[in-house]
Amino acid sequence: MNHELRRSLTDLADTGAGQVAPPETMIRTSLDRLTARRRRRRPAVVAGATAAAVVLAGSGAWAVQRLVEDRVEDAVVANVPDLIGMPGGGFNPRAYCGAPESSLPEQTATDLTLDHVTEIPETSPSDPNHSRFLGDLLLENGTSTAHGIVRGTYPGYFLLEAGVVVATPAPPTANAPGFGLESTPAGGSTDVRWTLLPCGDDPRADIAPGEYTAYGLAAVQGVKDKESYEILVGGPWLVDVPTIEDPVLATADPDVAAPWCGAVVPDAARTGDGSLAISTDDLPETARTGDLISFGASLTNTSPDQLVGTAQTPVSVVAVRDGVVVGTQHGQIPSTLGTYSLDGFDLRPWDPTESVSMLPSASTTTEVYLWLEACDPAEDGSSVSGSPTRLPAGDYEVWATYDHQINTRTPVAADGTPGEAVAADELVSVVTRVGDITVEPVPVLGEDDAED
Amino acid sequence: MADWESALDHLARTRHRALIRYAYLLCGAVREAEDLVQDALVKIYARKHLPAADDAEAYVRRAILTIYLDGYRRRRRWSGIKHLVGIKDHQESPELATSTQVDVAVALDGLSPRQRACVVLRYFEDLTVPQIATTLDCAEGTVKRHLSDAHARLATVLGPLHTPDEPGPAAPAATPSPMKTFQPPARSDNATPRSQS
């Protein structure tokens with residue numbers, strides 16, 4: 001009998017909803033959060049700002065966060081019309097690195113504002129590489145028609161120190177994903193996904209802790225017609241970049257097995273009954289903390305039988321220290337890596353729906369991904385939430401895990417003659433060390449290199 | 001009580017259960033569903049311009065979905081079949097009443113966030129493919145691919161699915177693709193036969 005999915009989802013939803021507390025607690029907590037947030041917003045006018053810019057100021061320090069683009073070095077400047085007289089056309093915020101505050105672009109749009117709003121997230125997602133930012137850019141549409149952020153450009157922040165630009169929005173890329181032209185209706189507002197990259201040779205360096213002046217920047221379409229673009233500039237705002245602390249690494253948890261966070265790895269490689277082995281020649285010796293690195297891992301049939309079966313899990317590789325899994329598993333591959341979709345990990349040829357056959361000594365290789373972030377047992381093995389997640393610099397072991405379902409075994413003689421196939425129902429779990437890696441720290445923009 | 005407070009209070013009291021059901025199917029855990037709904041309420045009612053009363057729930061549902069997807073983009077969930085671990089987790093959960101619900105929960109956990117969102121929007125919210133595409137800001141073909149991939153993964157746990165009126169992609173060819181066979185590396189003249197090693 002076929003499974004009735006609609007009914008099952010409804011039943012499941014009812015069961016889940018039956019477990020929650022009455023709404024009063026949620027209402028009270030939501031109102032408290034909103035009240036605190038609204039107290040921090042004090043609209044004011046700063047001399048020198050344009051009439052359409054709204055400045056937010058508040059008591060207490062603000063923190064600055066970054067949204068990282070993993071492949072900045074591959075960014076291509078989109079063919080956006082030259083709005084601000086840049087030589088050669090095209091809008092490239094990176095050209096403002098080192099420029100004085102007076103050179104920043106001015107707002108050309110009217111009745112559209114870019115706000116910087118702050119809120120202290122209670123379950124803030126992790127930022128793998130850089131400082132934590134508590135805030136958002138908010139596009140507010142005071143016009144009578146819908147407007148949207150221009151496809152192909154990234155809204156973002158400029159940071160200034162002593163009146164000089166030290167960090168900018170990421171440059172626009174062709175075919176930029178995600179933003180589209182999310183339209184903000186007349187009278188509405190939209191949270192704007194933003195970027196921020198430090199100036200200098202290494203756009204993935206950290207921004208040094210301290211106080212900065214921030215401006216928001218976005219290009220908006222639809223003010224006059226679909227062919228023209230306008231600039232929005234918000235600020236200045238005072239922001240504070242905090243110091244990044246190393247996370248507390250996971251401790252041993254006897255209730256979980258590798259590759260899950262806190263699992264204790266075996267003293268020697270465990271390969272089920274010895275039928276399968278995982279190895280690699282491509283693991284790099286060093287990598288920067290927070291990075292996602294990929295390399296080839298080979299699965300080898302080390303038994304004397306031809307094995308027919310299916311993959312039950314992806315091959316997971318994790319960082320281990322002192323015998324405990326402390327690194328996070330990868331989950332999603334950034335689309336900029338090209339080969340895999342944003343939503344999943346392509347298991348081919350180890351697709352769980354596809355049977356594969358391996359003769360004795362046969363190998364097959366797949367790309368695996370090692371993410372140099374700390375895991376948090378509370379997050380079910382994914383990266384630590386609410387705090388910096390990069391693995392502390394130092395030496396780690398790299399372990400691989402993989403489950404394979406063997407459905408048929410066929411003995412093969414030395415001369416290659418197959419025997420009689422035997423049905424099997426074996427789940428082979430491989431847990432093995434594939435190498436070591438030295439994790440290097442992220443450089444900090446503006447800090448001098450220390451002499452050893 | 002200010003207008004925004006009254007509006008939030010009214011929406012949360014009258015639509016609390018409906019929002020929790022939706023969030024629960026997306027994330028699969030009661031506590032996380034409560035957090036999703038609360039974060040969405042704060043996000044919407046923190047804005048300077050509040051939505052009209054009739055539109056508020058739609059805005060909150062949209063925010064629930066966005067927070068769910070954005071959260072997973074950053075937290076990097078493990079995609080793939082982890083049902084061997086998932087079964088253990090859900091069997092110990094007091095939330096689920098029947099073994100069928102355990103199976104469904106485990107099956108949903110095997111989906112990627114976008115696949116799961118598409119399944120929930122299609123079979124729980126009863127949106128059409130074009131409506132889902134608009135909600136997720138992606139092409140209709142992408143939605144169909146997500147639904148097709150989700151079907152395949154769900155079927156490995158739940159068995160064949162009965163989903164009438166499913167506008168999925170064309171049915172796969174009747175002839176199955178040949179099984180991949182991996183051969184050992186070619187043996188050189190100096191190689192030692194396996195039986196002598």
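Which of rounded, prolate, oblate describes the range B:95-164, given a ≥ b ≥ c as roots of the alpha-carbon gyration tensor eigenvalues and a/c under 1.5 marking rounded, otherwise prolate only if a/b is larger than b/c?
Prolate is the answer for the range B:95-164, as a/c is 1.5 or above and a/b outweighs b/c.
Calculate, in nm to one decimal, what A:D202 and A:A252 gain on full extension: separation in residues at 0.36 nm each, minus their alpha carbon distance. List each step's numbers first, then the result.
Values: separation 50, 0.36 × 50 = 18.00 nm, distance 3.60 nm.
Stretched fully, the A:D202-A:A252 segment lengthens by 14.4 nm.
If you count, for every residue in B:13-22, the Cβ atoms of partner chains within 10 Å of its Cβ, what is the mean?
5
Quick one: which of B:58-65, A:245-252 comes out on top by average Cβ neighbours within 10 Å, and what's the full order, highest first? If you can, show how the numbers build up before the last one.
On the way: B:58-65: 19.5, A:245-252: 15.6.
For the peptides B:58-65, A:245-252, the packing ranking is B:58-65, A:245-252.
Assuming R0 = 30 Å, what is the FRET efficiency of B:T100 and A:E24, from their Cβ-Cβ distance, to the nearest 0.05?
Approximately 0.40, to the nearest 0.05.
Taking only protein heavy atoms and a 1.4 Å probe, what accessible area per residue, in Å², does the range B:95-164 have with all protein chains in place?
37
Under a crude label model (7 Å from the Cα following the beta-carbon direction), how far is A:E106 from A:E420 in nanometres?
9.1
Order the peptides A:18-28, B:147-157 from the highest to the lowest mean number of other Cβ atoms within 10 Å of their residues.
B:147-157, A:18-28
For peptide B:29-42, compute the average count of partner chain beta-carbon atoms within 10 Å of each residue's beta-carbon.
Numbers: counts 3, 7, 2, 1, 5, 7, 3, 1, 4, 8, 6, 1, 7, 10.
Taking the mean over all residues of the peptide, I get 5.
Ballpark to the nearest 100 Å², how much total accessible area do B and A bury together, probe 1.4 Å?
Details: alone 13460 and 22950 Å², together 28590 Å².
The summed interface area works out to 7800 Å².
Once you put a point 7 Å from the Cα of A:T302 and another 7 Å from the Cα of B:A139, both along the Cβ direction, what distance in nm separates them?
Computed distance between label sites A:T302 and B:A139 equals 4.5 nm.
In nanometres, what is the gap between the two model label sites at A:D436 and B:E5, each 7 Å from Cα along Cα-to-Cβ?
6.2
Where does the charge balance sit around A:V320 when Lys and Arg score +1, Asp and Glu -1, over other residues with C-beta under 12 Å from its C-beta?
The answer is -2.
If you roll a 1.4 Å probe over the range B:95-164 with all protein chains in place, what percent of the accessible area is carbon or sulfur?
On the range B:95-164, the fraction of accessible area on carbon and sulfur atoms equals 49 percent.
With r defined as the distance between the Cβ atoms of B:A52 and A:R7 and R0 fixed at 56 Å, what FRET efficiency is calculated, to the nearest 0.05?
0.95
Average partner chain C-beta neighbours within 10 Å, per residue of A:391-401?
Numbers: counts 0, 0, 0, 0, 0, 0, 0, 0, 0, 0, 0.
The per-residue average across the peptide is 0.
The values are calculated or read from the model by the stated rules, or taken from the named source; none is laboratory data. Since we're looking at a predicted model, the values are computed, not measured. Cβ: placed from backbone, ideal geometry, glycine included. Neighbour counts: every protein chain shown. For the accessible areas, the whole protein counts, side chains as well, though only heavy atoms, and no ligand, DNA or RNA atoms are used. Shrake-Rupley method; radii C 1.70, N 1.55, O 1.52, S 1.80 Å.
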